[in-house]
Structure formats: C-alpha cells, structure tokens
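*Asks:* Please find one structure pasted underneath; my questions will follow.
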Amino acid sequence: MSEPELDPVIHAQARLKVVATLASLGAGDRISFPKLQKLLDMTAGNLSTHLRKLEEAEYVSVEKTFEGRSPATFIALTSRGRYAFESYTAALKSLLKGAQ
Amino acid sequence: MGSNGRRPDGMDPRANGEPANGEPADREPANREPANGEPANREPAADREERDGEDALGAGEDLPGDPAEMLALIRSQQDTVRKGTEPSGPLLFGAWGVAWLAGYLVLYVSGTQERGLPAGWAFAVFGLLLVSAMVFTGVHIGRRAVGVRGASAAVGAMYGWSWAVCFAVVFLILSGVARAGASDEVMQILSNSLSCLVVAALYMAGGALWREWRMFALGVWIALVAGGAALLGPPSSYLLMAVAGGGGFLLGAAAGLVVDRRRSRAAAETATVAAP
C-alpha cells in the first residue's frame with residue numbers, strides 16, 4: 001500500500017494554520033481579516049499572500065464588503081477547502097499509524 | 001497531486017539524517033527558486049508547484065514538519081481559535097456564581113433582620129451585582145464574537161434576543177400582578193421564580209444549541225433550586241438561592257476549569273510527542 005499523498009497547498013505550517021483556523025469555525029461562518037490575523041499572529045502582508053494561494057486553489061473564499069462606510073474583508077473556508085483539510089488530517093493520522 | 005517519486009514530504013526529515021529544517025540534501029537543481037534571498041527555507045512540496053515569487057515569508061514559517069508536528073500544530077491552533085472566538089464557560093459561570101452568592105446572601109440577611117421584606121438597599125445591592133454580571137457577560141461575549149459572521153453569529157443573536165424578550169415579558173407580568181394587588185410575599189416569590197425559570201430554560205436551550213452539557217445541567221439545577229425556593233418562601237428562599245444557586249454556578253465554573261486544564265494538558269502532551 002502506498003503512503004498517502006499530503007496536499008502541497010496546505011502542507012506548509014502557515015497555510016495549514018490558516019485552514020485549521022477556518023475549519024474550527026462553524027460551517028457557513030466567515031471571519032474578518034483583522035480577527036483572523038489576530039488568531040494566527042501573522043503580519044497582514046504574510047496572511048494576504050497565503051490567502052491568495054489558498055484562494056487560487058479554491059480552498060477559501062474572500063469577500064470584500066462594507067461595515068458602515070469602511071471596507072471590510074471576510075474570509076471563509078469553501079467546501080472544497082474543508083474537504084482538503086479533512087483529507088489532509090486523515091492522511092497525517094494514517095502516516096503516523098504507519099510510522100508506529 | 002504530483003507523483004515525482006519522492007516520498008511525501010511529511011516524513012520526519014531527521015529520520016534519515018537530514019537537517020531539521022526539512023531541506024533535503026538532494027535538492028533538484030531545476031527548481032525555479034526566485035532570487036529573493038531565502039532559497040534554503042522552502043518546503044520541497046512547493047517546489048513542484050508554481051512559484052510566483054511574491055510571498056515574503058518569515059523564516060521557517062512555510063516549512064512542513066513531520067506528521068506528528070503538523071497534527072500538534074492543528075490541535076494547538078484549534079485551541080487558540082476556541083479561546084479566541086467562544087465565550088469562556090468558567091469565566092461567565094464564575095461571574096454569575098459570585099453575583100448570586102453575594103446578592104442573595106444580602107437579601108437573606110436583610111430579610112431576616114426585617115422579618116419579611118428585605119430593605120431597599122439590599123435590593124439595590126442585589127440589582128447592582130446582577131447588572132455588573134450582565135455587563136461583564138455582554139462585554140466578554142462581544143469581544144469573543146466580534147469578527148465572525150454567518151450561521152453561528154445568527155444563532156448567537158437569536159439566543160441573545162431570547163434573553164431580552166423573556167426578561168421584558170417577566171417585567172410586564174410582574175407589573176400586571178402587582179397592579180392586581182399581589183402582596184409583597186407573592187411578589188418576592190413570583191419575581192424570583194419567573195426570572196429563574198427564564199434563566200433555567202435558556203440555559204437548557206443554550207446547552208442543547210451548543211451541545212454544552214455543563215450549561216444544560218446548570219439549567220436543570222437552577223430550575224430545581226428555583227422550584228424549591230418558591231415552596232420555601234422568603235427569606236429562607238434567598239439562602240437557598242445563594243448557596244445552591246450561586247454554589248451551582250461556581251461548581252459549574254470549577255468543573256469547566258478542570259476540563260479546560262485537562263484539554264490543554266492533552267494538547268501539550270501531543271506537542272511533546274511531536275517534538276521530543
């Protein structure tokens with residue numbers, strides 16, 4: 001049996017943290033950019049870069065909106081992203097089992 | 001996903017003598033590493049993906065660890081999100097436990113001295129304590145919930161409005177009963193019973209909504225204590241409310257603290273396993 005492949009999009013600490021954060025929210029929830037940044041303890045530029053990559057892979061959706069008059073950005077995990085995260089977690093667990 | 005013959009990069013690089021930063025010794029010379037000054041700090045997985053060269057990453061941030069490390073990373077991040085977005089049960093139960101214990105004790109002491117109706121100042125202290133706990137609850141939940149929108153925010157808003165509507169109606173009922181000529185004793189029993197019934201029912205509903213067993217159990221307990229207090233009558237009912245009601249909240253807070261500590265200890269253990 002071959003070892004499971006690990007999704008290269010999220011097999012990187014920073015992007016895994018982003019996806020794990022979004023997956024911890026309820027399905028159908030979205031989070032503001034500043035709040036996400038605070039939970040991840042990342043710089044805004046860094047987080048934007050990772051979000052762009054995740055958006056290219058269609059793992060997250062980024063929604064630009066307005067809160068009153070000031071612009072706000074909300075980020076959510078897509079169902080594709082949630083599936084990728086769950087598959088990745090399952091692959092990690094089976095790799096760990098194989099290593100024991 | 002690419003199948004270029006290399007092992008999935010999740011395997012522990014240290015296991016085969018490679019440096020711990022995940023950089024394999026046999027790095028392909030053909031990788032299109034942009035000249036941004038940090039070529040030695042990339043995860044191999046991304047090598048086969050397109051490089052756009054625009055990611056300015058902190059040192060080591062983009063490296064994969066071994067599976068245990070990555071699992072520990074997921075767990076600790078889930079813990080961070082829980083603490084950053086969900087209200088803390090122990091903190092809220094603790095605040096209400098203190099408010100009930102102190103507030104009802106004041107009513108009891110004043111009520112026994114006055115042989116019946118507690119003094120106005122006692123009700124003022126009681127009210128002040130409850131309002132303080134309410135403000136604390138609102139600020140705490142608001143801080144944790146800010147920045148998250150969608151389904152769970154809608155659930156939270158409906159739940160919050162349920163409290164406001166129910167207590168507004170309790171006030172209307174009490175006004176009506178007072179106008180119909182209810183005695184002080186009836187008003188004391190009814191105001192406490194109705195308020196506690198709302199608290200109990202909404203705690204049970206909240207427990208069901210968020211599958212929080214401690215919250216549900218507290219709701220059941222408060223309902224029973226309030227029923228007992230109604231039968232007992234004032235001022236002894238206030239002693240029961242202080243000890244059993246306030247004590248119940250504090251017990252719930254203590255149980256929550258124990259569970260939280262056990263959970264973070266488990267997370268620390270996985271982290272130790274991941275990074276011996």
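*Asks:* Kindly provide the set of residues from the stretch A:68-100 that are of a type in the set (Ser, Thr, Tyr) and out of contact with any His (no Cβ under 8 Å at 6 or more places or on another chain), ordered by number.
*Replies:* Start the filter on the stretch A:68-100 by keeping residues that are of a type in the set (Ser, Thr, Tyr), which leaves A:70, A:73, A:78-79, A:83, A:87-89, A:94.
Listed by number, the residues that qualify are A:SER70, A:THR73, A:THR78, A:SER79, A:TYR83, A:SER87, A:THR89, A:SER94.
*Asks:* Might you let me know whether the stretch B:143-161 holds any residue that is open to solvent by less than 70 Å² (accessible area, probe 1.4 Å), charged (D, E, K, R), assigned to a helix (DSSP H, G or I) and closer than 30 Å to B:ARG263 by Cα?
*Replies:* Scanning the stretch B:143-161, I find at least one residue that is open to solvent by less than 70 Å² (accessible area, probe 1.4 Å), charged (D, E, K, R), assigned to a helix (DSSP H, G or I) and closer than 30 Å to B:ARG263 by Cα, so the answer is yes.
*Asks:* Specify which of the listed residues (A:SER94, A:SER61, A:SER70) is open to solvent by 50 Å² or more (accessible area, probe 1.4 Å), in contact with a Leu (Cβ under 9 Å, 6 or more places away or on another chain) and not basic (Lys, Arg).
*Replies:* On the way: A:SER94 fails: in contact with a Leu (Cβ under 9 Å, 6 or more places away or on another chain); A:SER70 fails: in contact with a Leu (Cβ under 9 Å, 6 or more places away or on another chain).
From the options A:SER94, A:SER61, A:SER70, the qualifying one is A:SER61.
*Asks:* Regarding the stretch B:117-131, can at least one residue be identified that is modelled with pLDDT under 90 and surrounded by fewer than 19 Cβ atoms within 10 Å (Cβ to Cβ)? Full working, then the answer.
*Replies:* In the first step, residues of the stretch B:117-131 are kept if they are modelled with pLDDT under 90; the result is B:117.
If we keep only those that are surrounded by fewer than 19 Cβ atoms within 10 Å (Cβ to Cβ) too, we end up with B:117.
Taking every residue of the stretch B:117-131 in turn, at least one turns out to be modelled with pLDDT under 90 and surrounded by fewer than 19 Cβ atoms within 10 Å (Cβ to Cβ).
*Asks:* Next up: Every residue in the stretch B:135-154 that is β-branched (Val, Ile, Thr) and touching a residue at least 12 places away in the same chain (Cβ under 8 Å), please. It would help to see each step written out before you state the result.
*Replies:* First pass over the stretch B:135-154, keeping only residues β-branched (Val, Ile, Thr): B:135, B:137, B:139, B:141, B:146, B:148.
Answer for the stretch B:135-154, where residues must be β-branched (Val, Ile, Thr) and touching a residue at least 12 places away in the same chain (Cβ under 8 Å): B:THR137, B:ILE141, B:VAL148.
*Asks:* Take A:LYS97 and tell me if it is over 16 Å from A:VAL19 (Cβ atoms), assigned to a helix (DSSP H, G or I) and without any contact (Cβ under 8 Å) to a residue 60 or more places away in the chain.
*Replies:* Details: over 16 Å from A:VAL19 (Cβ atoms): yes; assigned to a helix (DSSP H, G or I): yes; without any contact (Cβ under 8 Å) to a residue 60 or more places away in the chain: yes.
Answer is yes for this residue.
*Asks:* Let me spell it out: the conditions are (1) part of a loop (DSSP other than H, G, I, E, B); (2) within 22 Å of B:VAL125 (Cβ to Cβ), and B:CYS196 meets all of them except one. Which number is the exception?
*Replies:* Checking B:CYS196 against (1) part of a loop (DSSP other than H, G, I, E, B); (2) within 22 Å of B:VAL125 (Cβ to Cβ), the one that fails is (1).
*Asks:* Of the residues that sit in the stretch B:222-246 and are surrounded by fewer than 17 Cβ atoms within 10 Å (Cβ to Cβ) and under 12 Å from B:TYR104 (Cβ atoms), which one is farthest from the chain's Cα centre (by Cα)?
*Replies:* B:SER236
*Asks:* If you don't mind, there's one more thing I want to ask. I'm trying to understand the selection: among the residues of the stretch A:22-34, which are within 9 Å of B:GLY147 (Cβ to Cβ) and either more than 8 Å from chain B (Cβ to nearest Cβ) or within 14 Å of the chain's Cα centre (by Cα) (or both)?
*Replies:* Here is the first cut: in the stretch A:22-34, the ones within 9 Å of B:GLY147 (Cβ to Cβ) are A:31-34.
A:ILE31, A:SER32, A:PHE33 - these are the residues of the stretch A:22-34 that are within 9 Å of B:GLY147 (Cβ to Cβ) and either more than 8 Å from chain B (Cβ to nearest Cβ) or within 14 Å of the chain's Cα centre (by Cα) (or both).
*Asks:* Considering each residue of the stretch A:39-48, count those that are surrounded by fewer than 20 Cβ atoms within 10 Å (Cβ to Cβ) and facing chain B (nearest Cβ under 7 Å), and give that number.
*Replies:* Residues flagged as surrounded by fewer than 20 Cβ atoms within 10 Å (Cβ to Cβ) and facing chain B (nearest Cβ under 7 Å) within the stretch A:39-48 amount to 2.
*Asks:* Can I ask one more? Just one of (1) assigned to a helix (DSSP H, G or I); (2) within 19 Å of A:LYS17 (Cα to Cα); (3) not small (Gly, Ala, Ser) trips up A:ILE75, so point out which.
*Replies:* It is condition (1) that A:ILE75 fails.
*Asks:* From the list A:VAL19, A:VAL9, which one is under 15 Å from A:SER87 (Cα atoms) and in a helix (DSSP H, G or I)? Break it down stepwise before answering.
*Replies:* Values: A:VAL9 fails: in a helix (DSSP H, G or I).
After ruling out the rest, the residue left standing is A:VAL19.
The values are calculated or read from the model by the stated rules, or taken from the named source; none is laboratory data. Note that the structure is a prediction, hence the values are computed from the model and not measured. Counting neighbours? That spans all protein chains shown, and the Cβs are built from the backbone with ideal geometry, glycine included. Remember, those area values only see protein heavy atoms, side chains included, never the ligands or the DNA or RNA. Shrake-Rupley method; radii C 1.70, N 1.55, O 1.52, S 1.80 Å.
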